[in-house]
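The values are calculated or read from the model by the stated rules, or taken from the named source; none is laboratory data. Everything quoted here is computed from the prediction, not taken from an experiment. Cβ atoms come from the backbone with ideal geometry, glycine included; neighbour counts cover every protein chain shown. Ligands, DNA and RNA are excluded from the accessible area calculation, which covers all protein heavy atoms including side chains. Shrake-Rupley method; radii C 1.70, N 1.55, O 1.52, S 1.80 Å.
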Amino acid sequence: MNTKFRLKKLCAHYGKEYGYHREVQFDQDLYLRLMKHKAVYFRFEGIILKRKMISATDLNSFITFEEAYHQLMIELMDLQIHTIKNAIGNSEIENIYIDGGFTDNDVFMKLMSHHFQHYNVMSTHSPLGSALGAAMVISNKKIDETFLQQHYQMKVLQPLILNL
(Lines give C-alpha, C1' and ligand atoms only; values in the text may rest on other atoms or scores of the structure.)
Protein backbone atom coordinates (compact mmCIF):
# COMPACT_ATOMS: atom_id res chain seq x y z
CA MET A 1 0.00 0.00 0.00
CA ASN A 2 1.57 3.30 -1.06
CA THR A 3 1.58 6.67 0.70
CA LYS A 4 -1.08 8.14 -1.61
CA PHE A 5 -3.49 5.35 -0.67
CA ARG A 6 -2.77 5.92 3.05
CA LEU A 7 -3.40 9.63 2.64
CA LYS A 8 -6.73 8.95 0.93
CA LYS A 9 -7.71 6.73 3.87
CA LEU A 10 -6.68 9.46 6.33
CA CYS A 11 -8.69 12.07 4.46
CA ALA A 12 -11.76 9.84 4.29
CA HIS A 13 -11.51 8.96 8.00
CA TYR A 14 -11.26 12.61 9.08
CA GLY A 15 -13.61 14.09 6.46
CA LYS A 16 -10.90 16.04 4.62
CA GLU A 17 -10.41 16.57 0.90
CA TYR A 18 -7.48 14.70 -0.64
CA GLY A 19 -4.63 17.20 -0.75
CA TYR A 20 -5.35 18.64 2.69
CA HIS A 21 -2.11 17.03 3.91
CA ARG A 22 -0.17 19.58 1.83
CA GLU A 23 -1.39 22.31 4.18
CA VAL A 24 -0.27 20.57 7.39
CA GLN A 25 2.68 22.32 9.00
CA PHE A 26 5.08 20.68 11.41
CA ASP A 27 3.81 20.99 14.99
CA GLN A 28 6.65 20.62 17.47
CA ASP A 29 4.40 20.08 20.51
CA LEU A 30 2.43 17.40 18.71
CA TYR A 31 5.65 15.73 17.55
CA LEU A 32 7.11 15.68 21.06
CA ARG A 33 3.86 14.26 22.49
CA LEU A 34 3.78 11.48 19.90
CA MET A 35 7.46 10.68 20.48
CA LYS A 36 6.92 10.52 24.23
CA HIS A 37 4.54 7.56 23.71
CA LYS A 38 6.14 6.12 20.59
CA ALA A 39 4.23 3.21 19.08
CA VAL A 40 3.35 1.69 15.71
CA TYR A 41 -0.10 2.53 14.33
CA PHE A 42 0.36 2.11 10.57
CA ARG A 43 0.67 -1.18 8.75
CA PHE A 44 3.11 -1.08 5.86
CA GLU A 45 2.54 -4.07 3.62
CA GLY A 46 5.50 -5.30 1.63
CA ILE A 47 8.14 -3.54 3.74
CA ILE A 48 10.36 -5.92 5.63
CA LEU A 49 12.42 -4.12 8.25
CA LYS A 50 13.00 -4.62 11.92
CA ARG A 51 9.70 -3.12 12.92
CA LYS A 52 6.73 -4.22 14.95
CA MET A 53 4.16 -5.67 12.59
CA ILE A 54 0.53 -4.92 13.28
CA SER A 55 -2.48 -6.53 11.64
CA ALA A 56 -4.14 -3.27 10.55
CA THR A 57 -3.68 0.48 10.60
CA ASP A 58 -5.26 2.09 13.68
CA LEU A 59 -6.63 5.58 12.97
CA ASN A 60 -9.02 5.55 15.93
CA SER A 61 -6.14 6.38 18.29
CA PHE A 62 -5.89 9.91 16.86
CA ILE A 63 -8.30 12.77 17.45
CA THR A 64 -7.32 14.91 14.47
CA PHE A 65 -6.06 14.48 10.94
CA GLU A 66 -2.96 16.47 11.89
CA GLU A 67 -2.13 14.10 14.74
CA ALA A 68 -2.56 11.00 12.54
CA TYR A 69 -0.59 12.65 9.73
CA HIS A 70 2.31 13.50 12.02
CA GLN A 71 2.32 9.88 13.24
CA LEU A 72 2.32 8.60 9.65
CA MET A 73 5.30 10.85 8.85
CA ILE A 74 7.11 9.71 12.02
CA GLU A 75 6.67 6.08 11.02
CA LEU A 76 7.71 6.77 7.43
CA MET A 77 10.74 8.63 8.80
CA ASP A 78 11.70 5.57 10.87
CA LEU A 79 11.76 3.56 7.64
CA GLN A 80 13.67 6.35 5.88
CA ILE A 81 16.30 6.52 8.63
CA HIS A 82 16.90 2.78 8.37
CA THR A 83 17.18 2.92 4.57
CA ILE A 84 19.47 5.96 4.48
CA LYS A 85 21.79 4.62 7.17
CA ASN A 86 22.09 1.34 5.25
CA ALA A 87 22.83 3.22 2.03
CA ILE A 88 25.44 5.48 3.65
CA GLY A 89 27.14 2.64 5.53
CA ASN A 90 30.67 3.65 6.53
CA SER A 91 31.14 6.15 3.72
CA GLU A 92 32.09 9.74 4.40
CA ILE A 93 28.98 11.28 2.89
CA GLU A 94 28.30 14.80 4.10
CA ASN A 95 25.28 15.79 2.00
CA ILE A 96 21.79 14.36 1.63
CA TYR A 97 19.74 15.65 -1.31
CA ILE A 98 15.97 15.43 -1.37
CA ASP A 99 13.82 16.05 -4.43
CA GLY A 100 10.39 15.15 -5.68
CA GLY A 101 7.00 15.50 -4.04
CA PHE A 102 8.17 15.17 -0.46
CA THR A 103 10.09 18.47 -0.70
CA ASP A 104 6.73 20.24 -0.32
CA ASN A 105 5.90 18.23 2.80
CA ASP A 106 6.76 20.46 5.78
CA VAL A 107 6.43 17.66 8.34
CA PHE A 108 8.64 15.23 6.41
CA MET A 109 11.28 17.86 5.64
CA LYS A 110 11.50 19.03 9.24
CA LEU A 111 11.84 15.42 10.40
CA MET A 112 14.61 14.82 7.85
CA SER A 113 16.52 17.89 9.03
CA HIS A 114 16.09 16.78 12.64
CA HIS A 115 17.11 13.14 12.23
CA PHE A 116 20.01 13.87 9.88
CA GLN A 117 21.32 17.03 11.53
CA HIS A 118 24.93 15.80 11.22
CA TYR A 119 24.61 16.04 7.44
CA ASN A 120 23.94 18.92 5.10
CA VAL A 121 20.33 18.14 4.18
CA MET A 122 19.34 19.94 0.99
CA SER A 123 16.20 19.99 -1.08
CA THR A 124 15.24 21.13 -4.53
CA HIS A 125 12.04 21.34 -6.50
CA SER A 126 13.65 19.69 -9.51
CA PRO A 127 11.47 16.97 -11.03
CA LEU A 128 14.59 15.54 -12.69
CA GLY A 129 16.65 14.85 -9.57
CA SER A 130 16.98 11.11 -10.13
CA ALA A 131 18.04 11.62 -13.75
CA LEU A 132 20.51 14.31 -12.69
CA GLY A 133 21.98 12.03 -10.01
CA ALA A 134 22.41 9.19 -12.50
CA ALA A 135 24.06 11.54 -14.99
CA MET A 136 26.43 12.85 -12.30
CA VAL A 137 27.45 9.30 -11.34
CA ILE A 138 28.29 8.15 -14.87
CA SER A 139 29.75 11.45 -16.11
CA ASN A 140 33.46 12.14 -16.15
CA LYS A 141 32.81 15.88 -15.90
CA LYS A 142 33.65 17.56 -12.59
CA ILE A 143 30.72 19.59 -11.30
CA ASP A 144 31.42 22.94 -9.69
CA GLU A 145 30.30 23.34 -6.05
CA THR A 146 27.76 25.99 -7.07
CA PHE A 147 26.19 24.00 -9.93
CA LEU A 148 23.25 22.60 -7.97
CA GLN A 149 22.57 25.87 -6.17
CA GLN A 150 22.56 27.85 -9.42
CA HIS A 151 20.54 25.45 -11.55
CA TYR A 152 18.26 23.65 -9.13
CA GLN A 153 17.40 26.16 -6.40
CA MET A 154 18.99 24.08 -3.67
CA LYS A 155 17.78 24.90 -0.19
CA VAL A 156 19.73 23.84 2.89
CA LEU A 157 17.42 22.66 5.68
CA GLN A 158 18.12 23.79 9.20
CA PRO A 159 17.92 21.20 12.01
CA LEU A 160 15.08 21.62 14.48
CA ILE A 161 15.76 23.08 17.87
CA LEU A 162 13.29 21.17 19.97
CA ASN A 163 12.01 22.58 23.24
CA LEU A 164 12.29 19.51 25.42
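Where a Cα-Cα gap under 16 Å defines reach, which lysines qualify for LYS110, not counting those fewer than 8 residues away within the same chain?
LYS155
If you roll a 1.4 Å probe over region 10-86 with all protein chains in place, what percent of the accessible area is carbon or sulfur?
C and S fraction of accessible area: 51 percent.
Quick check: residue separation of GLU23 and THR3 times 0.36 nm, minus the Cα distance between them. What number comes out in nm?
Extending this stretch completely gives an extra 5.6 nm.
Sort 102-114, 65-77 for me by packing, meaning the mean count of neighbouring Cβ atoms within 10 Å per residue, highest on top.
Peptide ranking by packing, descending: 65-77, 102-114.
Among the listed pairs LYS85/LYS142; LYS8/LYS85; LYS9/LYS38, which are separated by more than 24 Å between their Cα atoms?
With Cα atoms farther than 24 Å apart: LYS85/LYS142; LYS8/LYS85.
To the nearest 0.05, what FRET efficiency results for SER139 and PHE102 with a Förster distance of 22 Å applied to their C-beta separation?
After rounding, the FRET efficiency stands at 0.30.
Given a 1.4 Å probe, how much area per residue of region 41-125 is accessible, in Å²?
I get 54 Å² per residue for region 41-125.
First measure r as the distance between the Cβ atoms of PHE147 and ILE93, then evaluate 1/(1 + (r/R0)^6) with R0 = 22 Å and state the FRET efficiency to the nearest 0.05.
After rounding, the FRET efficiency stands at 0.75.
Using 7 Å Cα-to-Cβ label points, what is the MET35/ILE84 separation (nm, one decimal)?
Inter-label distance under the simple model: 1.4 nm.
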